[in-house]
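Read through the structure below, which is laid out as structure tokens, and then see the notes.
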Amino acid sequence: MLDPEDAVIVNALVRQALVSTQEVMGENGVNAVLRSVGLERFIDNFPPNDTRPGIKTIDYARFNQAIEDFYGRAGKGMLRRIGKASFQYGVHEQGALMGVAGAALKLMSQKARIKFVLNAMVNALKKTNPQVDAWVDEAGDNIAYYESTCAICLGRHSSEPVCHLYVGSVGEAVRWATGEEYGIIETHCIAKGDKYCRFEVGEVKA
Ligand SMILES: [Zn+2]
């Protein structure tokens, strides 16, 4: 198994997270958070859009924790908004590809659309970073997205799930693919001691 200290996030994903955080928190907000976790080097200097290692995953997890600490009780909602913005950024970056997918999606059932977009997320993540282990479980009553290498909660401990940013991204992906709002619940979280983080999509509409 990968030593957590060796896990990295690629530049493109760091960039995506920083652009999205700046969109939601403003420039002063993102700068304050970067300073508080010793990542000053990214202030006015977001990494390029490539797949070279950007930061240690453990630092990315600290960055997430800092946003939660910064906003207190509002932190969860803030992180969800950043997660939504992050998915939108990803769609924008992959414009042509997602345009084609969007047209094909119109012909599919709600369930097929959800499976399609979540598998696309898994594939996009794996393509940019071979360390990632993520999958979609389509067999149960509810479709669920899993990641056993979740970057948000690496090294963190909590009695409650903490991957609110991920919840926002999964929810926005499902909304993008179906045109409907589905509740997303993080039922398992590595920070709680589970083997993976699991994000369950609410009951599929007809
Ligand atoms: Zn988690």
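Is it fair to say residue 175 is closer than 29 Å to residue 51 by Cα, part of a loop (DSSP other than H, G, I, E, B) and of a type in the set (Lys, Arg)?
Values: closer than 29 Å to residue 51 by Cα: yes; part of a loop (DSSP other than H, G, I, E, B): no; of a type in the set (Lys, Arg): yes.
Here the answer is no, as residue 175 does not meet what is asked.
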Scanning the range 35-64 for residues that are over 18 Å from the mean Cα position of the chain (by Cα) and under 19 Å from residue 76 (Cα atoms), the one surrounded by the most Cβ atoms within 10 Å (Cβ to Cβ) turns out to be 37
The number of residues in the range 115-141 that are in a helix (DSSP H, G or I) and within 19 Å of residue 200 (Cα to Cα) is 10
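Can you work out which of the residues in the range 137-158 that are among the aliphatic types (A, V, I, L, M) and within 16 Å of the ligand (Cβ to nearest atom) is nearest to residue 12 (Cα to Cα)? Let's see the steps before the verdict.
Initial filter on the range 137-158 (among the aliphatic types (A, V, I, L, M)): 139, 143-144, 151-152, 154.
Pick out the ones that are also within 16 Å of the ligand (Cβ to nearest atom) and you get 144, 151-152, 154.
Numbers: 144: 25, 151: 14, 152: 16, 154: 19 Å.
Ranking the candidates gives 151 first.
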Yes or no: residue 27 at pLDDT 95 or above and more than 14 Å from the chain's Cα centre (by Cα)?
yes
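Only one of 152, 114, 185 is farther than 19 Å from residue 60 by Cα, touching a residue at least 40 places away in the same chain (Cβ under 8 Å) and of a type outside the set (Gly, Ala, Ser). Can you tell me which?
Details: 152 fails: farther than 19 Å from residue 60 by Cα; 185 fails: touching a residue at least 40 places away in the same chain (Cβ under 8 Å).
The unique qualifying residue is 114.
Quick check on residue 19: is it farther than 24 Å from residue 123 by Cβ, of a type in the set (Val, Ile, Thr), outside any loop (DSSP other than H, G, I, E, B) and touching a helix residue (DSSP H, G or I) at 6+ places or on another chain (Cβ under 8 Å)? Outline the logic, then answer.
On the way: farther than 24 Å from residue 123 by Cβ: no; of a type in the set (Val, Ile, Thr): yes; outside any loop (DSSP other than H, G, I, E, B): yes; touching a helix residue (DSSP H, G or I) at 6+ places or on another chain (Cβ under 8 Å): yes.
Judged against the criteria, residue 19 is not a match.
Is it fair to say residue 162 is away from the ligand (no atom under 11 Å from the Cβ) and of a type in the set (Val, Ile, Thr)? Lay out the reasoning, then the answer.
On the way: away from the ligand (no atom under 11 Å from the Cβ): no; of a type in the set (Val, Ile, Thr): yes.
For residue 162, the condition - away from the ligand (no atom under 11 Å from the Cβ) and of a type in the set (Val, Ile, Thr) - is not met.
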Scanning the range 169-185 for residues that are buried (at least 23 other Cβ atoms within 10 Å of the Cβ) and within 13 Å of the ligand (Cβ to nearest atom), the one nearest to residue 119 (Cα to Cα) turns out to be 170
Looking across the range 186-204 at residues that are touching a helix residue (DSSP H, G or I) at 6+ places or on another chain (Cβ under 8 Å) and more than 18 Å from residue 139 (Cβ to Cβ), the single one that is farthest from the ligand (Cβ to nearest atom) is 186
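The values are calculated or read from the model by the stated rules, or taken from the named source; none is laboratory data. Quick caveat, the model's predicted, so the values are computed rather than measured. All Cβ positions, even for glycine, are placed from backbone atoms using ideal geometry, and neighbour counts span all protein chains on display.
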